[in-house]
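Quick notes on the structure that follows.
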Amino acid sequence: MVIHLPKSCWLMVVVLAVCSTSLCGQDFVWTQTSAPTRNWECVASSSDGKKLVAVVYSGGIYTSTDSGATWTQTTAPSKPWVSIASSSDGTKLVVAADFDWIYTSSNSGATWTPASSLPPEPDFEWWSVASSSDGTRLVAVVNGGGICTSTDSGATWTETSAYNADSWEYVASSADGTKLVATDGGFTIYTSSNSGGTWTQTSAPPWSWGDVASSSDGTKLVALARLYGIYTSSNSGGTWTHTSAPGTNWLSVASSSDGSKLMAVVWNGGIYVSTNSGVTWKKTVVPDTTWHSIACSADGTKLVAVVYGGGIWTAQATIQTMPSLTTTHSGSSVIVSWPYPSSGFALQQNNNLSTTNWTASGFTVTTNGSINSITITAPTGNLFFRLAQ
């Protein structure tokens, strides 16, 4: 939009708001659900975000069929549940109990069945489970043991060739169950491209690795390096990139099916979201607390997170209306205005559109509660303004 202002003998170009991410103005509004206060350990979601399932450490298993609005305790026994995974339609579930057993459900948690056979692992300290989208191919890691897989929805399990690690911790799977990624808290990340038949150590740096998530095709991965930040890979773990996420006590991470939207929680901290495959991260507006696990719908617009010693929260993505700039004359002055509050957008200025030298506007911003504005008195030359994230 070009505006010629002959009275002041200058030219002002107002550039409409621009975005630094693919989903301009996307934000998440968090709401605490009616779920009771429990030691929530892990949560999983169906692809549409409607069917949710959450486990309590030394407690039960709860499900929701209305995106978290209401929760029902299932018939699952009280055990030290540590990890749960769901098929894309939310009907097939797999859950692991610490120093105990693996259970499955084929009816969205209405009934639960223990696995009929499990390999003779050293101590059965099951730590993490993952599922293919149809719920038939499963994978589970043992802290102080190996990695096991199932091709019959958890009825029987086979130990893979993965070595017995002191600290296998988390595992993730592609939608078809062929590409797997597992983290070893002892400073390595391994991948498999044949459903766990063989495993390859990646080039990830030697950090204490935590949770990991995968895109549906298994090419885009995201892994948490405790206190060292968040790393991503766009080639199935071939190479890793240290993102701009801060170094803090990261605990759980989730990914949309295409890997473009990522979300991660901080123990005794907040929840962060990225809408550009981890290039940039934004802290969402939610209390800092003992967040323990996070999951999302396939498109990354519906989130669910659990608090250890607290409740369960859900969030729905909202797309902010892109604010625009307008100009008016007042004598020899020009008033530039835009909607208030326009959260996430800042006014920038430049005197030459052929350059990228955009800087924060030096003019004082005033507001009347509905409109932000700056006043430029007797200007000369060209000035260009824009709102940018």
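Just wondering, is there one or more residues in region 298-306 that are at pLDDT 85 or above and more than 30 Å from the chain's Cα centre (by Cα)?
Quick first cut of region 298-306, residues at pLDDT 85 or above only: 298-306.
Those left that are additionally more than 30 Å from the chain's Cα centre (by Cα): none.
No, the conditions are met nowhere in region 298-306.
Within region 47-59, being assigned to a strand (DSSP E or B) and touching a residue at least 60 places away in the same chain (Cβ under 8 Å) holds for Leu52, Ala54, Tyr57. Does Gly177 satisfy the condition of being of a type in the set (Gly, Ala, Ser) and within 21 Å of Ala305 (Cβ to Cβ)? It is false that Gly177 is of a type in the set (Gly, Ala, Ser) and within 21 Å of Ala305 (Cβ to Cβ). The C-beta contact set for region 95-113 (first residue closer than 15 Å to Gly59 by Cα, second residue surrounded by fewer than 17 Cβ atoms within 10 Å (Cβ to Cβ), distance under 7 angstrom, 6+ apart or interchain) comprises Phe99/Asp123; Trp101/Pro114; Tyr103/Thr113; Tyr103/Pro114; Trp112/Thr75. Residue count for region 189-230 satisfying the condition of being on the phi > 0 side of the Ramachandran plot, touching a residue at least 24 places away in the same chain (Cβ under 8 Å) and of a type outside the set (Ser, Thr, Tyr): 2.
Flag: Asn235 does not match the condition of being of a type in the set (S, T, N, Q) and closer than 27 Å to Val29 by Cα. Out of all the residues in region 217-230, is one or more acidic (Asp, Glu) and within 12 Å of the chain's Cα centre (by Cα)? So far as region 217-230 goes, no, none of its residues is acidic (Asp, Glu) and within 12 Å of the chain's Cα centre (by Cα).
For the condition open to solvent by 50 Å² or more (accessible area, probe 1.4 Å) and more than 25 Å from Ser88 (Cα to Cα), Asp166 qualifies.
Here are some residues: Thr243, Thr219, Thr289, Thr232. Which one is more than 24 Å from Gly49 (Cβ to Cβ) and at pLDDT 95 or above?
On the way: Thr219 fails: more than 24 Å from Gly49 (Cβ to Cβ); Thr289 fails: more than 24 Å from Gly49 (Cβ to Cβ); Thr232 fails: more than 24 Å from Gly49 (Cβ to Cβ).
Residue meeting the stated conditions: Thr243.
Filtering region 203-231 to residues that are buried (at least 20 other Cβ atoms within 10 Å of the Cβ), among the charged types (D, E, K, R) and touching a Phe, Trp or Tyr at 6+ places or on another chain (Cβ under 7 Å) leaves only Asp211. Quick check: anything in region 139-154 in contact (Cβ under 8 Å) with a residue 60 or more places away in the chain, in contact with a Leu (Cβ under 8 Å, 6 or more places away or on another chain), crowded, with 16+ Cβ neighbours inside 10 Å and of a type in the set (A, V, I, L, M)? No, region 139-154 has no match at all.
Can you name every one of the strands (runs of 3 or more DSSP E) wholly within region 283-389 that holds 1 or more residues which are open to solvent by 10 Å² or more (accessible area, probe 1.4 Å), without any contact (Cβ under 8 Å) to a residue 24 or more places away in the chain and over 30 Å from Val29 (Cβ atoms)?
Here the list reads 326-330.
Is there a residue being out of contact with any strand residue (DSSP E or B) (no Cβ under 8 Å at 6 or more places or on another chain) and crowded, with 17+ Cβ neighbours inside 10 Å anywhere in region 66-87? No: region 66-87 contains no residue that is out of contact with any strand residue (DSSP E or B) (no Cβ under 8 Å at 6 or more places or on another chain) and crowded, with 17+ Cβ neighbours inside 10 Å.
Just wondering, is there one or more residues in region 4-25 that are surrounded by 13 or more Cβ atoms within 10 Å (Cβ to Cβ), part of a strand (DSSP E or B) and either modelled with pLDDT of 95 or more or of a type in the set (Asp, Glu) (or both)? No, that holds for no residue.
What are the residues in region 177-202 that are in a loop (DSSP other than H, G, I, E, B) and exposed (fewer than 15 other Cβ atoms within 10 Å of the Cβ), if any? Walk me through how you get there before you give the answer.
Taking region 177-202 first, the residues in a loop (DSSP other than H, G, I, E, B) are 177-179, 185-187, 193-199, 202.
Gly186, Phe187, Asn194, Gly197, Thr198, listed by residue number.
Can you name the strands (runs of 3 or more DSSP E) wholly within region 60-176 that have at least 1 residues being modelled with pLDDT of 95 or more, farther than 27 Å from Leu221 by Cβ and of a type outside the set (Gly, Ala, Ser)? Show your work before the answer.
Values: elements: 61-64, 79-86, 93-97, 102-105, 126-131, 138-142, 147-150, 168-173.
Output list reads 61-64, 79-86, 102-105.
The values are calculated or read from the model by the stated rules, or taken from the named source; none is laboratory data. Just so we're clear, the structure is a prediction, and the values are computed from it rather than from any experiment. Neighbour counts run over all protein chains shown; Cβ positions are idealised from the backbone, glycine included. Accessible surface is based on the protein model in full, side chains and every heavy atom, while ligands, DNA and RNA are left aside. Shrake-Rupley method; radii C 1.70, N 1.55, O 1.52, S 1.80 Å.
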